[in-house]
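Undergrad: Sending over a structure as structure tokens; questions will come in a sec.
The values are calculated or read from the model by the stated rules, or taken from the named source; none is laboratory data. Bear in mind the structure is a predicted one, so any value in this text is a computation, not a measurement. Every residue, glycine as well, gets a Cβ built from its backbone with ideal geometry; the counts of neighbours run over all protein chains shown. Protein only, heavy atoms only, side chains kept; ligands, DNA and RNA dropped before computing areas. Shrake-Rupley method; radii C 1.70, N 1.55, O 1.52, S 1.80 Å.
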Amino acid sequence: LIALGFTLLNMPVQMVMTHQVALLVEIGHAKGAVASLVALMGLASIGGKMGWGWLSDRWWLECTYLAGIGLFVAAVALLLAVGPDSTAWLLAGYAVTIGIGYAVSPALTPILSSRFFAGPCFGTIFGTLSMIHNSAGSLGVWLAGHVHDLTGTYRPALIGGIGSAIAALIVVWLAAPRRAPGR
């Protein structure tokens, strides 16, 4: 279940991270403005990674992970709302939200893995999980490009990405032992 949960989240995360620039330029935003958004997203992700780690030390780890997935889903919904005439505030809101939301995956995947698989074989298990979920990320990138080539739009891929992230939320919740912080 945990491998499936990580896979279902990493597919849309990598899809959005790879295709967001092409999508925004395709719908009419200037390349320089889009580059600024990517920079803002990167800055937000630094705070997101530190924040998710800090929060997971003080709140239930599983709930922190689920909150991050929820923020990622909200960011993808914002991206779906972006059009050629979108305001700078909507675009900046998207960049900050995606930066913080996607950051839950790289920040908490190792921590959640150690919660489930602590012990002498953790390195092998985590390496295997990483191979699986990173391969799935590559598949998500390819699928989004293929969907775009077939339909001329990223919309179906983004909607599928939201569904995949929500499925990840459900699967991780089903797998999670839901232990209080420090236990």
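Undergrad: Hey, residue 87 hits all of (1) open to solvent by 20 Å² or more (accessible area, probe 1.4 Å); (2) among the hydroxyl-bearing types (Ser, Thr, Tyr); (3) in contact with a Phe, Trp or Tyr (Cβ under 9 Å, 6 or more places away or on another chain) but one; which does it fall short on?
TA: Failed condition: (3).
Undergrad: Residues that are open to solvent by 10 Å² or more (accessible area, probe 1.4 Å) and in contact (Cβ under 8 Å) with a residue 60 or more places away in the chain: does segment 28-40 have at least one?
TA: Scanning segment 28-40, I find at least one residue that is open to solvent by 10 Å² or more (accessible area, probe 1.4 Å) and in contact (Cβ under 8 Å) with a residue 60 or more places away in the chain, so the answer is yes.
Undergrad: Hey, another quick one. If residue 144 satisfies every condition in (1) surrounded by fewer than 17 Cβ atoms within 10 Å (Cβ to Cβ); (2) small (Gly, Ala, Ser); (3) at pLDDT 95 or above but one, which is the exception?
TA: With (1) surrounded by fewer than 17 Cβ atoms within 10 Å (Cβ to Cβ); (2) small (Gly, Ala, Ser); (3) at pLDDT 95 or above applied to residue 144, the lone miss is (1).
Undergrad: Still on this structure, please answer the following. Being over 30 Å from residue 176 (Cα atoms) and either of a type in the set (Asp, Glu) or in contact with a helix residue (DSSP H, G or I) (Cβ under 9 Å, 6 or more places away or on another chain) (or both) is the requirement here; does residue 21 meet it?
TA: It is true that residue 21 is over 30 Å from residue 176 (Cα atoms) and either of a type in the set (Asp, Glu) or in contact with a helix residue (DSSP H, G or I) (Cβ under 9 Å, 6 or more places away or on another chain) (or both).
To keep it simple, each residue is scored yes or no on (1) touching a residue at least 40 places away in the same chain (Cβ under 8 Å); (2) surrounded by fewer than 19 Cβ atoms within 10 Å (Cβ to Cβ).
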residue	(1), (2)
93	no, yes
98	yes, no
102	yes, no
105	yes, no
109	yes, no
123	no, yes
129	yes, no
132	yes, yes
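Undergrad: Look through segment 61-77, keep the residues that are surrounded by 18 or more Cβ atoms within 10 Å (Cβ to Cβ) and of a type outside the set (A, V, I, L, M), and return whichever of them is farthest from the chain's Cα centre (by Cα).
TA: The extreme case among them is 62.
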